[in-house]
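Below is one structure, written out as C-alpha cells; comments come after it.
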Amino acid sequence: MEEKQLIFKLCSIMLRYPDQAWVKSEEMYEMISSLEDPNIKKAFLTFWDYIVQTSWEELTENYVKWFDLSESTTLYLTYGIFGDNRERGPAFVRLKLEFAKAGFYLKENELPDYLPLILEFASVAEPKFAQKVLAIHWKAITNLLEELKKEQNPYMSLVHVCVMTMENLLPKTEQKMNHHAS
C-alpha cells in the first residue's frame with residue numbers, strides 16, 4: 001500500500017466514532033510508526049497521545065460533542081453548504097455516482113459526504129477517482145480543519161494530515177475550486 005493510501009486509511013479509521021478495537025490496537029501504532037514522512041508521523045503520534053491519555057468515557061463524549069452535536073465541525077461535508085434542506089439530496093446522488101464510476105456502491109444507509117467514508121474510498125480507489133472525490137470536498141475539509149484549529153481540537157492533527165496529503169495529490173487548480181457535487 002502506498003503511503004498516501006495508508007494515510008487515508010488511518011485517518012478513515014481514526015475519524016470514526018472511537019472503537020476499542022483500534023484504540024487499543026498495536027497494529028494501528030505500528031502502521032503509524034511505519035510512515036516515512038516525519039511531519040505526518042508526528043501529527044498521527046500527537047493524536048495517538050490524545051487517544052491513550054484520555055479516558056474511554058471522555059473520548060466518546062468528546063467525539064459526540066465535537067462531531068455529532070456541532071454544526072461547525074460535522075464530518076458530513078455537504079452539511080455546511082446545504083444544511084438539512086432538499087438541495088442536499090441531489091448532491092448525494094451526484095456523489096454516489098462518483099463512487100459508482102469507480103466501481104464502489106454505497107449501502108442504502110451510507111451518506112456519501114461522510115469524511116471517514118471518503119477517506120476510506122481514497123485509500124482503495126484508483127487515483128483518478130480518489131482525486132475527483134477529494135477535490136469535490138477540498139473546501140469543506142479545509143474549512144473543517146480551520147474550525148478544529150480554532151478550538152485546538154485534538155482531531156485537527158488528523159484532518160491536517162488529510163489536507164497535507166491531499167495537497168500533494170490534487171492539482172492546485174482543483175484545490176481552488178469549490179465542487180461540492182453541485
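The values are calculated or read from the model by the stated rules, or taken from the named source; none is laboratory data. Remember, it's a predicted structure, so these values are computed and weren't measured experimentally. Neighbour counts run over all protein chains shown; Cβ positions are idealised from the backbone, glycine included. Surface areas here come from the heavy atoms of the whole protein model, side chains and all, with no ligands, DNA or RNA. Shrake-Rupley method; radii C 1.70, N 1.55, O 1.52, S 1.80 Å.
At-a-glance table
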{"quantity": "Which of Tyr105, Cys11, Tyr76, positive extreme of dipole for segment 1-108 (C-beta unit charges)", "calculated": "Tyr105"}
{"quantity": "Estimated inter-spin distance, Leu106 and Ser70, nm [label 7 Å along Cα→Cβ]", "calculated": "2.3"}
{"quantity": "Cα-centred dipole magnitude for the chain, charges only on beta-carbon of K, R (+1) and D, E (-1), debye, nearest 20", "calculated": "740"}
{"quantity": "In nm, spacing of pseudo-spin labels at Tyr50 and Arg86 (7 Å Cα→C-beta vector)", "calculated": "3.9"}
{"quantity": "Convex hull of segment 60-150 built on C-alpha atoms - directionally averaged projected area, nm²", "calculated": "6.2"}
{"quantity": "Protection proxy ranking of 127-138, 24-35 - average other beta-carbon atoms within 10 Å, highest first", "calculated": "127-138, 24-35"}
{"quantity": "Charge dipole of segment 11-60 about the Cα centre (unit charges at C-beta), most positive-ward option of Trp22, Leu35, Val52", "calculated": "Leu35"}
{"quantity": "Within the accessible area of segment 1-117 (1.4 Å probe), percent carbon and sulfur", "calculated": "49"}
{"quantity": "For the chain, diffusion coefficient by Stokes-Einstein and Kirkwood Rh (Cα), 25 °C, 0.890 mPa s, µm²/s", "calculated": "147"}
{"quantity": "Accessible area in square angstrom per residue, the chain, 1.4 angstrom probe", "calculated": "53"}
{"quantity": "Environment charge at Glu2 (Cβ cut-off 13 Å; Lys +1, Arg +1, Asp -1, Glu -1)", "calculated": "-2"}
{"quantity": "Using alpha-carbon coordinates, inclination of helix 88-101 to the longest axis of the chain, degrees", "calculated": "80"}
{"quantity": "Rounded tilt (10° steps) of 156-169 against the dominant C-alpha axis of the chain", "calculated": "50"}
{"quantity": "Centroid-to-centroid separation of segment 64-106 and segment 1-61 [C-alpha atoms, Å]", "calculated": "24"}
{"quantity": "Pairs of lysine residues in segment 99-155 - Cα separation under 18 Å, sequence separation of 8 or more or cross-chain", "calculated": "4"}
{"quantity": "Accessible surface of segment 122-174 [probe 1.4 Å, protein heavy atoms]: carbon and sulfur percent", "calculated": "52"}
{"quantity": "Contour minus Cα-Cα distance for Glu2 and Glu57 (0.36 nm per residue)", "calculated": "16.4 nm"}
